[in-house]
Every structure is written in C-alpha cells, then in structure tokens.
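To start, the structure itself, in structure tokens.
The values are calculated or read from the model by the stated rules, or taken from the named source; none is laboratory data. What you see is a predicted model; the values in this text were computed from it and never measured. Cβ: placed from backbone, ideal geometry, glycine included. Neighbour counts: every protein chain shown. The area values use the complete protein model at the heavy-atom level, side chains included, leaving out ligands, DNA and RNA. Shrake-Rupley method; radii C 1.70, N 1.55, O 1.52, S 1.80 Å.
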Amino acid sequence: SYLKNISKEYKINLITFEKKNDLKNIKKLSFYKKEANKYNINWIYYKYSNYPKYISTFINISLGSFSCLNLFVLKKIQIVHIRSYIPGFMVFIYFYLFKFKFIFDMRGFLPEEKIDRNNWSTNSLTYKFFKYFEKKLIKKSDKIVVLTYCGKKILQEKFNIDENNIFVIPTCVDTNIYLKKRNIYKKNISNFTMAFVGSLNRAYNFDKMISLFKRILLIDNNLKILFYCKDEYKNLYNKFISQGVSDNNFEIKFLNKKNLIKEMKNIDIGYFYLNKNYSINASFPTKIGEFFSTGTPILCNNFNDDISEIIKDNKIGLVFNDFDDEKKIYSSLISILKDKFIINRCNEYAINNLSVNAGSKKYLNIYN
C-alpha cells in the first residue's frame with residue numbers, strides 16, 4: 001500500500017517471499033500482479049521455502065541475493081530499502097560491490113523479540129550472531145526506520161546515532177476501508193462489547209486480560225468480550241472456562257478480512273494486554289490503527305510510552321496499570337462510552353498519523 005503512493009515518484013523493484021497457499025490462489029495472485037503493473041512496480045516473488053529451518057533460510061536468502069544482483073547489474077539502483085533483518089543477508093555483500101543509499105527499516109528489535117517471545121537465550125550463538133549483524137546493518141545504514149519514539153531513543157543512546165537519521169513510522173493501515181463515522185454513545189451503557197483482534201502470539205498476556213475482564217463482570221454482568229483470531233481456539237476457550245467466565249460473556253471466532261472489518265465497526269472498546277519487556281518498547285501493533293480507524297477507543301496496559309502518550313494526549317481510550325482496580329477502570333470506560341465526540345478523535349488521529357497516506361509521506365521524505 002505504501003508503494004502505490006511512492007511509485008508516483010520512484011521506480012520500484014519489489015522482492016517478496018510468498019506462502020505456498022497464497023500462490024495457489026490464482027485469483028488473488030492475478031489481482032496483485034495487475035496492481036503491481038498498474039503502479040509500474042517490478043514485482044519479483046518467490047515461494048517461501050518451508051524446508052527444515054536452516055535449509056529453508058539458506059534457500060530464501062540465496063534466491064533474494066541473486067535477484068538483488070540482477071537488479072544491481074541491469075538497473076541503476078540508487079536506494080535499497082529492507083524491511084526487518086533477514087533481507088539484510090541478501091544485500092550485505094553488495095555494500096562492497098555497488099554504491100547505493102541504504103534504509104534499514106528495523107520494525108522492532110528482532111533479537112530481543114526472540115528472547116521475549118520465542119525463548120532465545122542471550123548466551124546462544126544465534127542471538128549473539130544477530131546482535132553482531134544488527135550492529136553491521138546499523139553501521140551501514142544511511143537512514144533507519146523504527147515503529148516508536150521509545151525505539152528511536154534506545155537506538156540513539158545505544159549506538160550514538162544522529163537523531164535526524166532515525167525516522168519513526170508506526171504501523172499504518174488503509175484507513176479508507178475501516179473508516180466509518182458512527183456514534184458509540186449508548187442509552188444502555190451497561191451493555192457494551194470489548195474485543196481483541198489479531199494473532200494469539202506470546203507478546204500478549206491473555207491470562208491477565210481474562211482476569212481483569214472477569215473482575216469487571218462482577219460490577220456489570222452484561223458485558224461481553226469477543227476474540228477475533230484464527231489459532232489456538234481451544235486453548236483460549238479453556239482459559240475462559242478455567243477462570244469461571246460464562247460462555248454467555250465471551251465469544252471466539254475467525255472471520256475473513258472483509259467480514260472482520262464489518263464487525264469491527266460495531267465494537268465499543270478495543271482491548272489488549274502486551275507483556276512489558278525490552279522488545280515491546282519498539283513495538284506498535286497493527287490493531288491500534290485498525291481500532292482507531294473504525295472509531296473504536298482502546299483499553300490497554302501501559303506497555304510502552306508511545307501508546308500511553310497517544311491515548312492520554314488525544315483522549316482516545318484508557319491506559320491502565322496493573323495496580324488499577326476494576327472499579328476505577330469500569331467507571332473510566334463508562335465515561336468513554338458517554339463521550340459523544342470520541343469517535344471523531346479516534347478517526348482524526350488514525351487519518352493524520354496511522355494511515356497509509358501519512359506513512360507514505362514519511363517514506364517519501366526519507367527517499368528524497
């Protein structure tokens with residue numbers, strides 16, 4: 001989506017690795033081929049190898065590296081823009097063979113995410129290698145992109161990087177497909193719906209989410225929580241039942257994107273709890289832009305300073321601490337639901353800060 005806007009000023013060569021099932025979807029593949037051609041984007045795609053771990057990684061990096069070489073030889077490549085760390089392996093050798101500007105779009109701090117979410121050890125060779133490679137990529141970078149100002153501050157302090165060479169671009173969404181002007185004010189305030197949208201990965205603490213929801217139910221038993229996800233249904237269901245939450249108060253379901261967007265426009269409160277750790281300082285979940293685009297205020301913990309400042313400064317939700325009691329949180333939620341103008345503030349923040357158009361402008365600024 002960013003590239004559609006960027007392609008108006010730059011000739012884009014895009015290398016991607018696609019899942020086997022996506023490539024089998026001829027209709028979908030044909031659509032994106034036409035989209036690429038429409039915007040004059042040279043799209044080179046490969047099937048993402050799913051052989052055993054290290055073999056798969058080697059095959060993918062080799063294919064990507066070969067494609068990069070072809071582009072360097074056949075076209076006058078001036079800027080190389082990588083998203084996350086792995087593509088860095090595909091281009092690293094070319095720092096010594098060709099001249100080009102390099103953008104390291106880090107997203108989050110990958111080595112630390114693997115520690116916090118995938119049980120990597122700081123003593124493992126894999127972690128140490130990625131930290132070494134991270135330093136190399138940062139050193140070679142002309143510009144760096146991160147998702148949060150917290151992440152930017154950490155990079156500045158840790159690597160002594162000029163702040164003008166680090167850009168913050170949070171995860172953006174196509175606000176046009178989510179946007180809906182609606183009024184969430186309800187006469188029957190005690191009957192509202194909270195919802196979680198997305199993957200049930202280890203970044204989130206669902207036990208704490210369910211525990212808080214259960215305590216709020218003691219104040220208002222008419223509440224309902226929805227989980228829109230496609231994995232670990234049984235595990236999540238058992239968590240609710242084991243904590244004594246009635247199945248009348250929760251629902252777990254998977255919807256395709258089109259139907260999910262329709263349902264999101266009827267959610268009253270977006271709800272999630274992220275584990276606080278080092279890597280979360282550089283994280284900005286996509287669901288934030290999705291909720292605000294549909295005019296939905298957010299209830300979440302203070303997992304990093306960015307989200308706390310965004311919600312508090314713009315008055316578009318509630319950030320809670322672990323020591324906040326359920327009565328305080330519930331009364332704050334009621335105040336949010338009584339605010340007739342919060343929908344407009346959510347929409348406005350999403351359009352100005354978390355839309356594809358806003359993100360594209362920042363990327364164009366970096367390219368220029």
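Observations on the structure shown:
- With the convex hull drawn around the C-alpha atoms of the range 256-352, the volume per residue stands at 108 Å³.
- Stretch gain in nm, segment ASP325-LYS258, where the contour uses 0.36 nm per residue and the Cα spacing is subtracted: 20.5 nm
- Per-pair calculated FRET efficiency, R0 = 30 Å: LYS276 and ILE177 via Cβ, rounded to 0.05: 0.40
- FRET efficiency, 1/(1 + (r/R0)^6) with R0 25 Å, evaluated for PHE98 and ASN368 via beta carbons: 0.75
- Ranked by the mean number of other Cβ atoms within 10 Å of their residues, highest first, the peptides 105-114, 73-82, 31-40 fall in the order 105-114, 73-82, 31-40.
- Distances between placed amide hydrogens fall under 5 Å for PHE320 paired with CYS300, ASN301, ASN302, all partners being 5 or more residues away or on another chain.
- With both labels modelled 7 Å from their Cα along Cα-to-Cβ, the LYS34 to LYS265 distance reads 2.4 nm.
- From helices alone, the chain scores -14000 deg cm²/dmol at 222 nm; the rule is -39500 (n - 2.57) for each run of n ≥ 4 DSSP H residues, then divide by the residue total.
- A cut-off under 15 angstrom between Cβ atoms defines the neighbours of LYS34, and their net charge, with Lys, Arg +1 and Asp, Glu -1, is +4.
- With R₀ fixed at 22 Å, the C-beta to C-beta distance from ILE334 to LYS208 puts the FRET efficiency at about 0.55.
- For the range 43-147, the mean projected area of the C-alpha convex hull, equal to one quarter of the hull surface, is 7.4 nm².
- Cut-off 13 Å (backbone N to label point 7 Å along Cα→Cβ of ARG215), residues of the range 309-331: 320-331
- Solvent-accessible area of LYS362 with every protein chain in place, 1.4 Å probe, in Å² to the nearest 10: 80 Å²
- Debye log10 I(q)/I(0) at q = 0.23 Å⁻¹ for the range 230-294, Cα point scatterers: -1.20
- ASP268 long-range amide H proximity, modeled H, under 5 Å: THR193
- Backbone amide hydrogens, once placed in the peptide plane, bring TYR48 within less than 5 Å of GLU18, LYS19, LYS20, excluding anything fewer than 5 places away on its chain.
- Computed over the chain, Cα set: Rg, Dmax in Å: 22.0, 67
- From phi via Karplus (6.51, -1.76, 1.60), per-residue ³J(HN,Hα) for the range 208-220 in Hz, x at Gly/Pro: 5, 4, 5, 4, 5, 4, 4, 5, 5, 4, 5, 8, 9
- Per-peptide packing, taken as the mean over residues of other Cβ atoms within 10 Å, places 290-297, 348-355, 116-123, 205-212 in the sequence 290-297, 348-355, 205-212, 116-123 from highest down.
- Computed over the range 312-368, the P(r) tail beyond 16 angstrom holds 58 percent of alpha carbon pairs.
- Computed over the range 295-337: relative contact order in percent, which uses C-alpha pairs under 8 Å that are six or more apart: 38 percent
- Available extension along the chain between ILE26 and LYS361 is 117.4 nm, counting 0.36 nm per residue and deducting the alpha carbon span.
- Calculated accessible area for the range 231-359 comes out at 45 Å² per residue, all protein chains present (probe 1.4 Å; ligands, DNA, RNA ignored).
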